[in-house]
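A short reminder: the numbers here are calculations on the coordinates, not readings from a lab. Fair warning: this is a prediction, and the values are worked out from it, not measured in the lab. A quick note on method: Cβ atoms are made from the backbone with ideal geometry, for glycine too, and the neighbour counts reach across all protein chains shown.
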Amino acid sequence: MRETPASVFVSPASLRKGSNITGEIWLEIAGDVFPDKRWSDFPVIILGWWLDALFKLWSEKKKRGECLFMDGPYSFEVSKEEDGFLLRCYSDAHSTKECEWEGPVDLAATRPHQR
């Protein structure tokens, strides 16, 4: 299985503090972006969720971890396969969950980026 590096991007210049911190956050995988380049959301909150889901995937031997965005009908799932990890990015508009990207990912090469 040929693995693709996946990156999480956060734009520090976009961060704004109100009752919660908002700012731009998105994934880049194999030249694609999800859910959209410079997606506006709640990066501090959702990064906490994502880290928790991925930590359980590694430490508690879970089969999959679901990572949600707060704004919009978007999520991604990382599942443990026999020969690595599989990433699926979903849009759930109008209660019809559709996979927008799917492929094996190299989680060891995954790292946060700033833009």
Could you tell me what percent of the DSSP beta bridges with both partners in the chain are antiparallel, to the nearest 5? 85 percent
Post the alpha-carbon centroid distance, the stretch 7-36 to the stretch 64-85, in whole angstrom. 17 Å
Dividing the alpha-carbon radius of gyration of the stretch 11-57 by 2.2 N^0.38 Å (N being the number of residues), what value is obtained? 1.24
Obtain the nm distance between the two label points defined at Cys99 and Lys56 by a simple spin-label model: each point lies 7 Å from its Cα along the Cα-to-C-beta direction. 2.2 nm
Log entry: pair-distance distribution for the stretch 4-114, C-alpha pairs binned every 5 Å from zero, whole % per bin is 2, 12, 22, 26, 21, 12, 5, 1, 0
Relative contact order of the chain, please, whole-number percent, based on alpha carbon pairs below 8 angstrom and at least 6 residues apart. 28 percent
Highest to lowest packing among 6-12, 95-101, scored as the average C-beta count within 10 Å: 6-12, 95-101
How far is helix 43-59 tilted, in degrees, relative to the longest principal axis of the Cα atoms in the chain, given as a value from 0 to 90 rounded to the nearest 10? 20 degrees
